[in-house]
């Protein structure tokens with residue numbers, strides 16, 4: 001018993017020293033947060049390609065678990081008097097695909113429009129015209145997702161209140177796809193998800209002369225992408 005007390009007495013100062021050392025190390029670690037926001041000058045100097053590269057880099061950080069630590073309150077305060085987002089994300093309502101997180105963006109970095117099935121309608125087109133022509137965004141990303149519930153509903157012709165009309169906006173083409181004509185057919189589901197994104201990319205430009213003009217001038221690009229629920233990675237179409 002005496003020997004145990006002596007050992008414990010000897011170890012205690014060593015343990016205390018280790019704890020103190022660890023505390024000291026923790027206190028010297030960086031606690032800096034990214035509080036900068038996109039300025040009018042920075043937005044003006046961006047091209048559609050640089051905006052796209054920024055989103056791609058953000059998704060790579062998200063997948064790698066190395067996202068930037070944003071000081072959101074500081075960004076909220078910095079953008080209170082104005083905003084200069086680099087891009088617009090048209091995404092699905094799905095709660096598992098928050099664009100700001102998926103692309104590792106802070107407050108004031110991107111406009112986000114969301115609707116079940118990530119399709120365009122007049123309201124969203126008008127919103128995107130504001131975001132591009134008036135607010136200066138350089139890029140529009142139509143972001144679909146694998147196993148999209150809205151696309152499943154469109155394929156299966158689901159009927160429920162106002163949702164019925166919503167799902168009619170999703171383009172379903174089963175031409176050339178073998179197997180069961182239902183959302184249980186993965187090949188069919190994947191095909192419709194991608195086709196819906198591609199069609200929306202085309203429709204945004206064909207239905208909006210304002211944005212079509214920006215595209216023709218090289219001031220805007222409209223691209224499509226699919227989000228992988230398992231990995232968090234964004235797959236860019238036509239790349």
- line: In degrees, nearest 10, the alpha-carbon axis of helix 186-207 is tilted away from the dominant principal axis of the alpha carbons of the chain by 70 degrees
message: On C-alpha positions alone, give me the angle between the axis of helix 48-64 and the longest principal axis of the chain, in degrees, nearest 10.
response: 50 degrees
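Among 229, 160, which comes first, then next, by fewest other beta-carbon atoms within 10 Å?
Least to most surrounded, the residues fall as 160, 229.
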task: Before anything else, pin down the relative contact order of the chain: Cα pairs under 8 Å, at least 6 apart, normalised by residue count, whole percent.
output: 20 percent
task: Among 65, 126, 106, determine the one that fluctuates most according to a GNM of the chain built with springs between C-alpha atoms less than 10 Å apart.
output: 65
- prompt: Among 128, 46, what is the fewest-to-most ranking by other Cβ atoms within 10 Å?
  reply: 46, 128
statement: Taking Cα atoms, the helix 2-28 axis meets the longest principal axis of the chain at an angle in degrees (rounded to 10) of 40 degrees
Per-residue Cβ neighbour rank within 10 angstrom, fewest leading, 36, 183, 216: 216, 36, 183
- request: Give the percent of DSSP beta bridges with both residues in the chain that are antiparallel, rounded to the nearest 5.
  value: 15 percent
message: Students often get this wrong, so try it: which of [x] 24.4, 89; [y] 20.5, 68; [z] 17.6, 60 is Rg and Dmax of the Cα atoms in Å as calculated from the structure shown?
response: [x]
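FYI, it's all coordinate maths here, none of it is from the lab. Computed from a predicted model, the values in this text were never measured in an experiment. Because the Cβ atoms are built from the backbone with ideal geometry, glycine has one as well, and the counts that use them run over all protein chains shown.
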